[in-house]
Amino acid sequence: MRAREAIAAAAARLPGDCPRLDAELLAAHLIGVDRSALLLRHLDDAIDAVAFAALVDRRMADEPVAYILGHREFWSLDFRVTPDTLIPRPDSETLVEAALAAAGPAPRVLDLGTGSGCLLLSVLHERPGGWGVGVDRSEAAARVARDNAARLGLAARAAFVVGDWTGAIGARFDLILANPPYVGTSETLDREVAGYEPRSALFAGPDGLDDYRRIIPALGALLTPAGSAHLEIGHAQADLVWEIAAAAGFTPALRRDLAGRPRCLSLRTAQDFGLGEAKRSG
Ligand code: GLN
């Protein structure tokens, strides 16, 4: 069977929002090329129908394409991902933008709950003078992040440690990034997410705010005087996390993702320096 027919047949069966894209990615993976090369030059290649059917079956069972392929693009960089790490979301690029807007040329960066390392490594990629530390509770995730640092040529500027949020850290940083778990334990997630991604990276107590309550009060001791922290939030959590941040003495600013939803709160200890919307979202 040619790749072209195999892709068309799979696209007609696959679940999710972008079955054609997923079928193309699976076929490209099997042929050993990237998607654009597949579309330009390999659509008439013969494809191993049995091996392709095995990949399609995994996707039919709602396994995320990123886990089947073992990697995912974020900030135009290629990150290895495993079931030990959350899959990087485009929404989280909002945090990279916020951090870069606040960063000098050589920032010291801390990434709490680093997972694949995508936030820290994207910022370091954009700031060749910077260095940073990623923390994760999962040893397996820290190994994936170290591997990503090496693959991206950033290993000399990025260290990864296993620890429980800020517990292992005794230095101050210009930038702190965190995409903590923020889903309420009784919320229902798509099977694609709930069935495959690490629960410890998703759920954070009944209201999803448990980890903000732990992280935010600890940030003051970890920031340089002009430093800032950039936290991902669920789109309906801006006001609630804002309250936690204000109670801890921070001046928050809100940034929205590409869909216009609240996605990142940037916190400073002193004045707001124009990091985002200075007023509450209402
Ligand atoms: N944005 C993720 C989702 O798909 C949640 C990630 C997180 O909890 N940090 O729900």
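Please determine whether any residue of the stretch 211-229 is in a loop (DSSP other than H, G, I, E, B) and more than 11 Å from the ligand (Cβ to nearest atom). Talk me through it step by step, then tell me what you get.
So in the stretch 211-229, the residues in a loop (DSSP other than H, G, I, E, B) come out as none.
Within the stretch 211-229 (the criterion being in a loop (DSSP other than H, G, I, E, B) and more than 11 Å from the ligand (Cβ to nearest atom)), the answer is no, since none of the residues qualifies.
Taking the criterion of being part of a strand (DSSP E or B), open to solvent by 10 Å² or more (accessible area, probe 1.4 Å) and either within 12 Å of the ligand (Cβ to nearest atom) or β-branched (Val, Ile, Thr) (or both), the only residue of the stretch 230-262 that qualifies is Thr251.
Among the residues of the stretch 197-210, write down those that are within 14 Å of the ligand (Cβ to nearest atom) and surrounded by fewer than 20 Cβ atoms within 10 Å (Cβ to Cβ). Working first, answer last.
To start, the set of residues in the stretch 197-210 that are within 14 Å of the ligand (Cβ to nearest atom) comprises 197-205, 207-210.
The answer is Pro198, Arg199, Ser200, Leu202, Gly205, Asp207, Asp210.
Scanning the stretch 69-89 for residues that are open to solvent by 10 Å² or more (accessible area, probe 1.4 Å) and away from the ligand (no atom under 13 Å from the Cβ) yields a count of 13. Of all residues in the stretch 175-196, none that is surrounded by fewer than 16 Cβ atoms within 10 Å (Cβ to Cβ) has its Cβ atom under 9 Å from the Cβ atom of a residue that is among the charged types (D, E, K, R) and part of a helix (DSSP H, G or I), 6 or more apart or on another chain. Could you please let me know if Pro181 is in a loop (DSSP other than H, G, I, E, B) and away from the ligand (no atom under 14 Å from the Cβ)? Criteria not met by Pro181. Across the stretch 39-68, the qualifying residues are those that are in a loop (DSSP other than H, G, I, E, B) and more than 15 Å from the ligand (Cβ to nearest atom), and the one among them that is surrounded by the most Cβ atoms within 10 Å (Cβ to Cβ) is Ile47.
The values are calculated or read from the model by the stated rules, or taken from the named source; none is laboratory data. Since we're looking at a predicted model, the values are computed, not measured. Cβ sites come from the backbone with ideal geometry, for glycine too, and all protein chains shown count toward neighbours. Just the protein is used for accessible areas: all its heavy atoms, side chains included, with ligands, DNA and RNA removed. Shrake-Rupley method; radii C 1.70, N 1.55, O 1.52, S 1.80 Å.
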